[in-house]
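S.K.: Structure incoming, see below.
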Amino acid sequence: MIARFFAAIWRSIKREPQARAVFIFVIIMLLSGTIFFAEVEHWDWIDALWYCVMTLSTVGTGDFVPHTTFGKVFTIIYIFMGIGAFVAAARIIAQHAMDQANESPFDKIREKFGKHKN
C-alpha cells in the first residue's frame, strides 16, 4: 500500500510539470514552516515538522499552538497558502492512483515496447 502511494507520487512528478511544481511548493512550505516554528516558537525540529504536516493536512491535533503574535500571524498566512497546495497534491496523487487501478496489465507493456502496428 505504501509502495503504491510513493509510486503514484513518483509517476505524478515524472509525467506532469504541474504536479512537479505543486510538490516542490509543498516541500518548500513544509521546510519553511518547520524552520520558522523551530526558530520563532523554539520547538524541536520534529515537533515543528509535525505541526506543519498536521496544519496543512487540516488534521490539526491541537498538541502544539503558536504562542507568539508573530507565530500566530505566520500560521494564518501559512494555512491559507498551504492548504490549497496540500489539497492539489492530494488530488494529483489520487488521480494517478485511480489511473493505475484502471490500467490494463498490458498497458505498461504497450507503453514500453510501442503499439503493435498492422
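The values are calculated or read from the model by the stated rules, or taken from the named source; none is laboratory data. These numbers come from a predicted model, not from an experiment. Ideal geometry is used to build each Cβ from the backbone, glycine not excepted, and the neighbour counts take in all protein chains shown.
Here's the yes/no breakdown for (1) of a type in the set (Val, Ile, Thr); (2) modelled with pLDDT of 95 or more:
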site: 15; (1), (2): no, no
site: 18; (1), (2): no, no
site: 29; (1), (2): no, no
site: 48; (1), (2): no, yes
site: 52; (1), (2): no, no
site: 55; (1), (2): yes, no
site: 60; (1), (2): no, no
site: 71; (1), (2): no, no
site: 76; (1), (2): yes, no
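S.K.: Would you confirm whether or not the range 23-31 contains a residue that is loosely packed, with under 12 Cβ neighbours inside 10 Å and assigned to a helix (DSSP H, G or I)?
M.R.: no
S.K.: Now for a different question. Which of the residues spanning the range 73-100 are among the aliphatic types (A, V, I, L, M), more than 18 Å from residue 7 (Cα to Cα) and without any contact (Cβ under 8 Å) to a residue 40 or more places away in the chain? Step through it out loud before you land on a result.
M.R.: Filtering the range 73-100 down to residues among the aliphatic types (A, V, I, L, M) leaves 73, 76-77, 79, 81, 83, 85, 87-90, 92-94, 97-98.
From what's left, more than 18 Å from residue 7 (Cα to Cα): 73, 76-77, 79, 81, 83, 85, 87.
Within the range 73-100, 73, 76, 77, 79, 83, 87 meet the criteria.
S.K.: Looking at this structure, is residue 64 of a type in the set (Phe, Trp, Tyr), in contact with a helix residue (DSSP H, G or I) (Cβ under 6 Å, 6 or more places away or on another chain), modelled with pLDDT of 85 or more and in a helix (DSSP H, G or I)? I'd like the intermediate steps shown before the answer.
M.R.: Numbers: of a type in the set (Phe, Trp, Tyr): yes; in contact with a helix residue (DSSP H, G or I) (Cβ under 6 Å, 6 or more places away or on another chain): yes; modelled with pLDDT of 85 or more: yes; in a helix (DSSP H, G or I): no.
In short, no.
S.K.: Among the residues of the range 61-98, which ones are more than 27 Å from residue 13 (Cβ to Cβ) and out of contact with any Asp or Glu (no Cβ under 7 Å at 6 or more places or on another chain)?
M.R.: Of the range 61-98, the ones more than 27 Å from residue 13 (Cβ to Cβ) are 61-76.
Those that are more than 27 Å from residue 13 (Cβ to Cβ) and out of contact with any Asp or Glu (no Cβ under 7 Å at 6 or more places or on another chain): 61, 62, 63, 65, 69, 70, 72, 73, 74, 75, 76.
S.K.: Name, by its number, the condition in (1) surrounded by 15 or more Cβ atoms within 10 Å (Cβ to Cβ); (2) over 18 Å from residue 25 (Cβ atoms); (3) not acidic (Asp, Glu) that does not hold for residue 74.
M.R.: Unmet for residue 74, out of (1) surrounded by 15 or more Cβ atoms within 10 Å (Cβ to Cβ); (2) over 18 Å from residue 25 (Cβ atoms); (3) not acidic (Asp, Glu): (2).
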